[in-house]
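*Asks:* What follows is a single structure, and I will ask about it in a moment.
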Amino acid sequence: MNQLRERLAPFVFGMLALGLWQGSVWALAVPSYVVPGPIAIFNAYLSDYAILNPALLSTLTVTFTALLAATLLGVFLAVAMAASTLFRAAIQPWAVILQVTPVVAIAPLIIIWVNQPFVALVVCATIVAFFPILSNTAAGLAATPPELLDLFHLNGATRWQTLFLLRLPAALPNFLTGLRISGTLALVGAVVAEFVAGSGGFASGLAYRIIEASYRLEIPRMFAALVLLGVSGIIIYAALGLLERFLLRKRNAA
Amino acid sequence: MFTLRALAKQFPNGTRALEDITADIQAGEFVALLGPSGCGKSTLLRLLAGLEAPSAGQITWDAGHKPGPGDVGFVFQDATLLPWATAAENVYLPLRLRGQSRAETAPLIETTLARVGLAEFAGARPKALSGGMKMRVSIARALVSNPMLLLMDEPFAALDEFTRHRLQEDLHHLWRETGKTIVFVTHSIYEASFLASRILVMSPRPGRIAADIRASVPEGPNRRECPEYIALVHRITETFRRVMPL
Ligand SMILES: Nc1ncnc2c1ncn2[C@@H]1O[C@H](COP(=O)(O)OP(=O)(O)O)[C@@H](O)[C@H]1O
Ligand SMILES: [Mg+2]
């Protein structure tokens, strides 16, 4: 009973907030080009979905391509860093520098250097997204129980056997935590890159539609695009959570 | 089976863990390495397993007894099972690492699990097993490759007393049945006296062998109460009082 109430709580809260929002907009007669109410936003989506849906698809394509690239890059670097302390020493500071540099600052350069716009967006989003996968996977690989490493050694395991039968499975929970953070970061990275590219005249993605709508003062459409982004973020986060539960179900089975 | 001659281990940070360890271990002995925490028992076990190299002295193996991969079974204080694998898959691991197929080894895995009393739990994952059962899987994993030497590092220290007694009885029985050479690290005088045929008492800083005691507790259901056992416990206690005065 209490569990059900807790599950419903966010929805009830959301409905109340929406109602309050719509009520205030009506009561104060706020014009929709300043703050549109939820109904105006929904209507904007209904009239503009032919523009907004392809834009969403484009943003999500960048996001998932970047997430895939970030996964491959992050896991590869983490494994290489676990295998060689020299490689770790050489790479780690650069990975951190890349992580702390705001992507808005590097995006214009990347968009100039990579003249294929889709690839440029993916590169930007990958830069934003790969670090949590790298650092979590590296932490997981480093936390492999030393007794198990000894056991593999005693039984004459090869490096590859130790990697695939022990280290990678042992790092899986950490990797999945990183993946979940990276999933939402990839979306953020894609949107930021689209903003930069969009102000340079490359028309693609929801971010571009947001810029365009703000220039034209089509505020309800802008909000509709924002809502699509927010919902996408939540779905990505929840889906990766489900993936995590699915992949770890065996070791959590009591 | 092997001879330790003036074995010493100093770690790079300067800790002298072992010094002047000399002993001659026969095949088929159940040796207990007994001593307080930090006296170098684990280090000695790791030297025997070849996981670490001595800084002085040597280990000489009798002809035909030099262990290769899989010839040493190692049981740690924690069961350290693969959490994503079933009991049977955990027991299969040492065989898998040597390229043997699951199908060809299935009967062996089954009998090994049965030997530690877990025939019905082949498909259970570690999360679903109690501490004692996990330790049984860990012992089965060490036995499955039929090692000539079984090294155990305080395997029962983390278990409750009831479970510990059961596992001690089963391990002693297993040793009697198979005649394996076992080196068993413990800090319990009672455990060493119950299990072993020979007890190496170690004193700390740096670790040395303070006494080498042959145990002759008769087999039977009353091993823990018989006068020989009580005399042995007493003798070891006296030895500790001598080498480690308060
Ligand atoms: N890898 C290591 N580096 C430095 N010192 C160590 C290392 N392993 C163990 N020691 C030290 O060596 C001594 C013996 O340790 P250990 O063999 O684990 O003792 P025991 O198993 O009898 O409790 C301890 O003082 C411990 O701190
Ligand atoms: Mg120890």
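*Asks:* Kindly evaluate residue A:29 against the criterion of being among the hydrophobic types (A, V, I, L, M, F, W, C) and in contact (Cβ under 8 Å) with a residue 24 or more places away in the chain. Working first, answer last.
*Replies:* Details: among the hydrophobic types (A, V, I, L, M, F, W, C): yes; in contact (Cβ under 8 Å) with a residue 24 or more places away in the chain: no.
For residue A:29, the condition - among the hydrophobic types (A, V, I, L, M, F, W, C) and in contact (Cβ under 8 Å) with a residue 24 or more places away in the chain - is not met.
*Asks:* Still on this model: I'd like to know if the range B:86-96 contains one or more residues that are part of a loop (DSSP other than H, G, I, E, B), hydroxyl-bearing (Ser, Thr, Tyr), outside the structural domain of residue B:220 (by TED's automatic domain parsing) and closer than 20 Å to residue A:170 by Cα.
*Replies:* From the range B:86-96, those part of a loop (DSSP other than H, G, I, E, B) are B:86; that's our starting set.
Now drop any that are not hydroxyl-bearing (Ser, Thr, Tyr), which leaves B:86.
Right, trim to outside the structural domain of residue B:220 (by TED's automatic domain parsing) and you get B:86.
Filter once more, so that each one left must be closer than 20 Å to residue A:170 by Cα: B:86.
Yes.
*Asks:* Does residue B:236 satisfy the condition of being buried (at least 18 other Cβ atoms within 10 Å of the Cβ) and either of a type in the set (Lys, Arg) or in the same structural domain as residue B:17 (by TED's automatic domain parsing) (or both)?
*Replies:* Details: buried (at least 18 other Cβ atoms within 10 Å of the Cβ): yes; either of a type in the set (Lys, Arg) or in the same structural domain as residue B:17 (by TED's automatic domain parsing) (or both): yes.
Against the criterion (buried (at least 18 other Cβ atoms within 10 Å of the Cβ) and either of a type in the set (Lys, Arg) or in the same structural domain as residue B:17 (by TED's automatic domain parsing) (or both)), residue B:236 qualifies.
*Asks:* Considering each of B:94, B:83 in turn, give the residue that is within 9 Å of chain A (Cβ to nearest Cβ), under 14 Å from residue A:165 (Cβ atoms) and within 20 Å of the chain's Cα centre (by Cα). Don't jump to the end; show me each part of the working.
*Replies:* Numbers: B:83 fails: within 20 Å of the chain's Cα centre (by Cα).
One residue alone meets the criteria, B:94.
*Asks:* Here is a further query. Quick one: in the range B:56-70, which of the residues that are within 14 Å of chain A (Cβ to nearest Cβ) and in contact (Cβ under 8 Å) with a residue 24 or more places away in the chain is farthest from residue A:153 (Cα to Cα)?
*Replies:* Going through the qualifying residues, I end up with B:67.
*Asks:* Is it true that residue B:59 is in the same structural domain as residue B:179 (by TED's automatic domain parsing), more than 16 Å from ligand 2 (Cβ to nearest atom) and within 30 Å of residue B:239 (Cβ to Cβ)? Let's see the steps before the verdict.
*Replies:* Values: in the same structural domain as residue B:179 (by TED's automatic domain parsing): yes; more than 16 Å from ligand 2 (Cβ to nearest atom): yes; within 30 Å of residue B:239 (Cβ to Cβ): yes.
When the stated conditions are applied, residue B:59 passes them.
*Asks:* Answer yes if at least one residue in the range B:123-132 is within 14 Å of chain A (Cβ to nearest Cβ) and in contact with a strand residue (DSSP E or B) (Cβ under 7 Å, 6 or more places away or on another chain), and no otherwise. Can you show your working first?
*Replies:* Residues of the range B:123-132 within 14 Å of chain A (Cβ to nearest Cβ): B:123-130.
After this cut, where a residue has to be in contact with a strand residue (DSSP E or B) (Cβ under 7 Å, 6 or more places away or on another chain) as well, the list is none.
Among the residues of the range B:123-132, not one is within 14 Å of chain A (Cβ to nearest Cβ) and in contact with a strand residue (DSSP E or B) (Cβ under 7 Å, 6 or more places away or on another chain), which makes the answer no.
*Asks:* Name the helices (runs of 4 or more DSSP H) wholly within the range A:27-125 that hold at least 1 residues that are closer than 30 Å to residue A:170 by Cα?
*Replies:* Correct list: A:38-83, A:85-100.
*Asks:* I'd like the residue in the range B:71-115 that is under 29 Å from residue A:143 (Cβ atoms), charged (D, E, K, R) and without any contact (Cβ under 8 Å) to a residue 60 or more places away in the chain and, out of all such residues, is surrounded by the fewest Cβ atoms within 10 Å (Cβ to Cβ).
*Replies:* Per the stated criteria, the residue is B:102.
*Asks:* Taking into account only those residues within the range B:135-180 that are charged (D, E, K, R) and surrounded by 23 or more Cβ atoms within 10 Å (Cβ to Cβ), which is nearest to residue A:151 (Cα to Cα)? Walk me through how you get there before you give the answer.
*Replies:* First, the residues of the range B:135-180 that are charged (D, E, K, R): B:136, B:141, B:153-154, B:160-161, B:164, B:166, B:169-170, B:176-177, B:180.
Filter once more, so that each one left must be surrounded by 23 or more Cβ atoms within 10 Å (Cβ to Cβ): B:136, B:141.
Details: B:136: 16, B:141: 10 Å.
Taking the candidates together, the pick is B:141.
*Asks:* For the range B:110-128, does any single residue satisfy the condition of being within 16 Å of ligand 2 (Cβ to nearest atom) and not assigned by TED's automatic domain parsing to the domain that holds residue B:233?
*Replies:* no
*Asks:* Any idea how many residues of the range A:144-158 are part of a loop (DSSP other than H, G, I, E, B) and either closer than 17 Å to residue B:154 by Cβ or more than 7 Å from chain B (Cβ to nearest Cβ) (or both)?
*Replies:* So the first thing to find is which residues in the range A:144-158 are part of a loop (DSSP other than H, G, I, E, B), and the list is A:144-145, A:155-158.
Applying the additional criterion that residues be either closer than 17 Å to residue B:154 by Cβ or more than 7 Å from chain B (Cβ to nearest Cβ) (or both) yields A:144-145, A:158.
Selection size over the range A:144-158: 3.
*Asks:* Moving to a separate point now. Which residue pairs have Cβ atoms closer than 6 Å, lie 6 or more positions apart in sequence or on different chains, and pair a first residue in the range B:152-177 that is without any contact (Cβ under 8 Å) to a residue 12 or more places away in the chain with a second residue that is of a type in the set (A, V, I, L, M, F, W, C)?
*Replies:* none
*Asks:* Which condition breaks for residue B:112 when tested against (1) assigned to a loop (DSSP other than H, G, I, E, B); (2) of a type in the set (Ser, Thr, Tyr); (3) away from every other protein chain (no Cβ under 14 Å)?
*Replies:* With (1) assigned to a loop (DSSP other than H, G, I, E, B); (2) of a type in the set (Ser, Thr, Tyr); (3) away from every other protein chain (no Cβ under 14 Å) applied to residue B:112, the lone miss is (1).
*Asks:* While we're here: Given the criterion not in a helix (DSSP H, G or I) and not charged (D, E, K, R), identify the matching residue among A:195, A:223, A:202. I'd like the intermediate steps shown before the answer.
*Replies:* Working: A:195 fails: not in a helix (DSSP H, G or I); A:223 fails: not in a helix (DSSP H, G or I).
Within the list A:195, A:223, A:202, the selection yields A:202.
*Asks:* Please indicate, with yes or no, whether at least one residue in the range B:164-183 is closer than 20 Å to residue B:142 by Cα, within 16 Å of ligand 2 (Cβ to nearest atom) and among the polar types (S, T, N, Q).
*Replies:* No, there is no match, as no residue in the range B:164-183 is closer than 20 Å to residue B:142 by Cα, within 16 Å of ligand 2 (Cβ to nearest atom) and among the polar types (S, T, N, Q).
*Asks:* Among (1) in a loop (DSSP other than H, G, I, E, B); (2) closer than 16 Å to residue B:21 by Cβ, where does residue B:117 come up short?
*Replies:* Answer for residue B:117: the failing condition is (2).
The values are calculated or read from the model by the stated rules, or taken from the named source; none is laboratory data. Owing to the predicted nature of the structure, the values given are computational and were not obtained by experimental measurement. As a convention, Cβ positions derive from the backbone with ideal geometry for all residues, glycine included, and neighbour counts pool all protein chains shown.
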